[in-house]
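Asker: Provided herewith is a single structure, encoded as structure tokens, for subsequent inquiry.
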Amino acid sequence: MNIVVLLKQVPDTETKIRIGGDGKTIDTSDIKWIMNPYDEYAVEAALRLQESAGAKVTILSMGPERVVESIRTALAMGADQGVLVNDPGTEGSDALGKAKVLAAVLKNLEFDLVCCGHRAVDDDENQVGIMVAELLGIPHLGLAISVELGDGKIRIVRPIEGARVTLEGTLPALVTFGGAHAVWNPRYASLPGIMKAKKKPLETKTIADLGLSPDEVGMQAAKVKITAMELPAERQAGRVLEGETSDKAKELVRLLHEEAKVI
Amino acid sequence: MAEGVCVITEFREGSFRRISFEIASEGRRLADELGEPLVALALGESIGDLATDLGNYGVEKVYVLDAPSLKDYRAETYVPVAAEILSNLDPKVILIAASVDGKDFSARLAARLGAGLATDCTQLKVEGGSLKAKRPMYAGKAFAWYEWSDGSWPQMASCRPNVMDCLAPDTSKKAEVEKAKVEVAEGNQTQVVNIEKDAGGKLDLTEADIIVSGGRGMKGPENFAMLEELAKLIGAAVGASRSAVDSGWRPHADQVGQTGKVVTPNLYIACGISGAIQHLAGMSSSKYIVAVNKDPEAPIFSKVDYGVVEDLFKFLPVFIEEVKTLKSTC
């Protein structure tokens, strides 16, 4: 069995975001880059299947050289090999453009299951993974908080508003992962794992290697693009209530009822 | 030639979900600005005459896809039939809900249609006959304006629940209904094996008007009973910080923050939450924010409208009594 995990490198969630000089990207100086947390859950889920079903796990990512570090982290956790599409021609791709690149790699790989986070915590687009499934013509099962394999079938639990849906699909399929750190508790890379990861195969590819023409991806192919970014309006410093406990409680009820009119 | 605005509604268990009326209202506004008609797509089972009610929010015509196989949302049954109708309709703009299913549906549909999609938008406008969309990134630490390339139709956007203004329904207006033919070939598609409803018809955080949230300062799972009590009094959902979830005190679905739910209620009451950057990102778009924390230096106080610097175990019981008094008098 072959599993491919799609991985994105994103700014650490404790990063304070600043807008860059061009006004439409973020300032990436002093950013600590991490594996997208939801992709990390996907890696963990894939590694559990690697252990239970004897699967081979490949990590697939796109982006600049710095992304190698996140791929190596996944290899140190236990994945078997990595592929990075590193080509400046992919810059400015919209979600569909990114999905085209990843799908082009997958078309030349053997896979039964593709795993990825349901969204990356930078752009928060919720698009790329599902678009990859559409381009490959395979089903996707979204937002898994648990996953089970058996008899060529895959079963996930998907939380929706007010309910949990159990879905069952046929392999090959793509699963996007949701939940939280507490659901998946992704393993840490062990020291021997880190040593081994250095020797695991990691292939770098360009757009040309994938048989894609430059006008199919990147800025020129993008149907949507970001033209400006802004920071949220700073909230005005609020009022700290004074007095005895009962005064504060009374005052808060009054403010919420009369001023804010929310209770 | 692309024409009109089309909203894709969300129908579940015999009724349209509220977000459907929000996007219909937003669609009406955009259609008026574009000088174009507004139509809707309704997929589900046993929709019946309910589709005409979309007219209350300004929809002129509804294409209804009604079939047992469309009872529950599945990408594999929804996407092909929706894509076929939309290809024929050729709308300029498609609006869809940024609900759990809407996010799933829209991504696959956009890929099928080859459309540019902006997800989870909080503001839409028309400029020069084209859509511009504002959407949060980094869970709301920043906002980006999206534009579509020239001639790239349809322009597709999903709208965050609870954000777009919903028109007051005009019950005198009914939408024309056209039943579209649905041929859903049942094969080896993904099946819904089971749907387990959350106990007590819990409000989802992303759709709640009020959220009462607890963090590490709650000291243990048993103390959330206090927040549940308060929530019940004021019609709120209960949320939690990542550390409360990581400690196993609360289910993961309650986690608010960059790796959890991003929420925009009218009122967010943070109890015993210090305010890590990733938590603040997930809730600072709330209209009103209250924090109860004994540490006056807690970062959460920089975001609040009303702050209470006090031990929450002392404050909350008194506050709950005051809320009860209010509720008994009005």
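Here, each number is a calculation from the coordinates, and none is a lab measurement. Only a predicted model underlies this, so the values are computations on that prediction, with no experimental measurement involved. Note that we place each Cβ from the backbone using ideal geometry, even for glycine, and neighbour counts take in every protein chain shown.
Asker: Using only the alpha-carbon atoms, what does chain A span along each of its principal axes? Please give whole angstrom values in decreasing order.
Answerer: 67, 46, 39
Asker: Next question. Arranged by the count of other C-beta atoms within 10 angstrom, fewest first, what order do A:Ser246, B:Ser106 take?
Answerer: Starting with the residue having the fewest Cβ neighbours, the order is A:Ser246, B:Ser106.
Asker: Within the set of other residues whose C-beta is less than 14 Å from the C-beta of A:Ala42, count the net charge using Lys and Arg as +1 and Asp and Glu as -1.
Answerer: Residues near A:Ala42 contribute +1 overall.
Asker: Considering only DSSP beta bridges where both residues belong to chain B, give the percentage that are antiparallel (nearest 5).
Answerer: So the antiparallel bridges in chain B amount to around 20 percent.
Asker: How would you rank A:Thr28, B:Thr329, going from fewest to most other Cβ atoms within 10 Å of each one's own Cβ?
Answerer: Placing the least packed residue first, the sequence is B:Thr329, A:Thr28.
Asker: Another question, then. Based on the alpha-carbon gyration tensor of the range B:5-179, what equivalent-ellipsoid semi-axes (square roots of 5 times the eigenvalues) come out, in whole Å, largest first?
Answerer: 23, 18, 16
Asker: Hey, what's the Cα Rg ratio for the range B:1-57 versus the globular rule of thumb, 2.2 N^0.38 Å?
Answerer: Relative to the 2.2 N^0.38 Å estimate, the range B:1-57 comes out at 1.13.
Asker: Taking a threshold of 25 Å on the Cα-Cα distance, which of the pairs A:Lys205/B:Lys103; A:Lys56/A:Lys198; A:Lys8/A:Lys200 fall above it?
Answerer: Among A:Lys205/B:Lys103; A:Lys56/A:Lys198; A:Lys8/A:Lys200, the Cα-Cα distance tops 25 Å for A:Lys205/B:Lys103.
Asker: Next question. Which GluC sites (Glu not before Pro) does the range A:172-263 hold that lie in a coil by DSSP with at most 10 other beta carbons within 10 Å?
Answerer: Those that pass, being in a loop and sparsely packed, are A:Glu234, A:Glu242, A:Glu244.
Asker: Further, regarding this structure: What ratio of Cα Rg to 2.2 N^0.38 Å holds for the range A:118-174?
Answerer: Its radius of gyration relative to the 2.2 N^0.38 Å reference: 1.18.
Asker: With both bridge residues required to lie in chain A, what share of the DSSP beta bridges run antiparallel, to the nearest 5%?
Answerer: Counting only bridges with both partners in chain A, antiparallel ones make up about 40 percent.
Asker: Let me ask something else. With +1 on each Lys and Arg Cβ and -1 on each Asp and Glu Cβ, and nothing else charged, work out how big the dipole of the range B:189-248 is about its Cα centre, in Debye to the nearest 20.
Answerer: With Lys and Arg at +1 and Asp and Glu at -1, about 180 debye.
Asker: In square nanometres, what is the average projected area of the Cα convex hull of the range A:188-230?
Answerer: 6.4 nm²
Asker: Just flag the GluC sites (Glu not before Pro) in the range B:262-330 sitting in loop per DSSP whose Cβ has no more than 11 other Cβ atoms within 10 Å.
Answerer: Here the GluC sites (Glu not before Pro) that fit, given the DSSP loop and packing criteria, are B:Glu297.
Asker: So what is log10(I(q)/I(0)) for the range A:58-127 at q = 0.22, 0.25, 0.29 1/Å, when the Debye sum runs over its Cα atoms only?
Answerer: -1.20, -1.48, -1.54
Asker: Any number yet on Rg/Rh for chain B, C-alpha, Kirkwood?
Answerer: For chain B, the value is 1.02.
Asker: Continuing with this model, one more query. What is the range A:2-221's relative contact order, in percent, from Cα pairs under 8 angstrom and six or more apart in sequence?
Answerer: That works out to 27 percent.
Asker: When we measure straight from the Cα of B:Lys219, which lysines land under 19 angstrom away, once same-chain ones fewer than 8 places off are left out?
Answerer: The qualifying lysines are B:Lys294, B:Lys314.
Asker: State, as an integer percentage, the relative contact order of chain B based on alpha-carbon contacts under 8 Å between residues 6 or more apart.
Answerer: Dividing the mean separation by the residue count of chain B yields 14 percent.
Asker: So for B:Ile96, B:Ile195, fewest C-beta neighbours within 10 Å to most, what's the order?
Answerer: B:Ile195, B:Ile96
Asker: With contacts defined as alpha carbon pairs under 8 Å and 6 or more residues apart, what's the relative contact order of the range B:21-65 in percent?
Answerer: About 47 percent, as a whole number.
Asker: Further, regarding this structure: Kindly work out what percent of the DSSP beta bridges joining two residues of the protein assembly as shown are antiparallel, to the nearest 5.
Answerer: 35 percent
Asker: Could you work out the local net charge near A:Asp247, counting Lys and Arg as +1, Asp and Glu as -1, over the other residues with Cβ closer than 12 Å to its Cβ?
Answerer: With Lys, Arg at +1 and Asp, Glu at -1, the net is -2.
Asker: I need the trypsin sites (Lys or Arg not before Pro) found in the range B:291-330, filtered to DSSP loop residues with at most 15 other beta carbons within 10 Å of theirs.
Answerer: B:Lys294
Asker: In Å, what Kirkwood hydrodynamic radius results for the range A:82-220 from the alpha-carbon pair distances?
Answerer: 16.8 Å
Asker: If Rh is defined by the Kirkwood formula over all Cα pairs and Rg also comes from Cα, what ratio Rg/Rh do you get for the range A:1-148?
Answerer: 0.96
Asker: About the Cα centre of the range A:148-245, what is the dipole size in debye to 20, counting +1 per Lys and Arg Cβ and -1 per Asp and Glu Cβ, all else neutral?
Answerer: 520 debye
Asker: Hey, could you grab the Kirkwood Rh for the protein assembly as shown? Inverse mean 1/r over distinct alpha carbon pairs, Å, one decimal.
Answerer: Value: 24.9 Å, from the Cα pair sum.
Asker: Give the Debye-formula value of log10 I(q)/I(0) at each listed q (0.19, 0.21 Å⁻¹), with one equal scatterer per alpha carbon of the range B:199-329, two decimals each.
Answerer: For the range B:199-329, the Cα-only Debye profile gives -1.03, -1.30.
Asker: Further question: Quick one: helix B:224-234 against the long Cα principal axis of chain B, what's the angle to the nearest 10°, folded into 0 to 90?
Answerer: 60 degrees
Asker: So how tilted is helix B:18-34 from the main axis of chain B? Cα-based, degrees 0 to 90, rounded to 10.
Answerer: So the helix axis and the longest Cα principal axis differ by about 60 degrees.
Asker: Add -39500 (n - 2.57) for each DSSP H run of 4 or more in chain B, then divide by its residues: what number comes out at 222 nm, to the nearest 500 deg cm²/dmol?
Answerer: Helices in chain B give a 222 nm mean residue ellipticity of -8500 deg cm²/dmol.
Asker: Ok, one more. In the protein assembly as shown, with Lys and Arg counted as +1 and Asp and Glu as -1 at Cβ, which of these residues, B:Ser15, B:Pro136, B:Leu86, has the Cα nearest the positive end of the dipole, that is, farthest along it?
Answerer: Going by the Cα projections, it comes out as B:Pro136.
Asker: Turning to a different aspect of this structure: Compute the distribution of all C-alpha to C-alpha distances in the range B:121-204, in bins of 10 Å from 0, and list the percent of pairs in each, rounded to whole numbers.
Answerer: 11, 21, 28, 34, 6
Asker: Same structure again: What does the charge count near B:Gly282 come to, summing +1 for each Lys or Arg and -1 for each Asp or Glu among other residues with Cβ under 14 Å from its Cβ?
Answerer: Every neighbour counted, the sum reads +2.
Asker: Roughly how big is the range A:67-222's charge dipole about its Cα centre, with Cβ charges of +1 (Lys, Arg) and -1 (Asp, Glu), in debye to the nearest 20?
Answerer: Computed charge dipole of the range A:67-222: roughly 700 debye.
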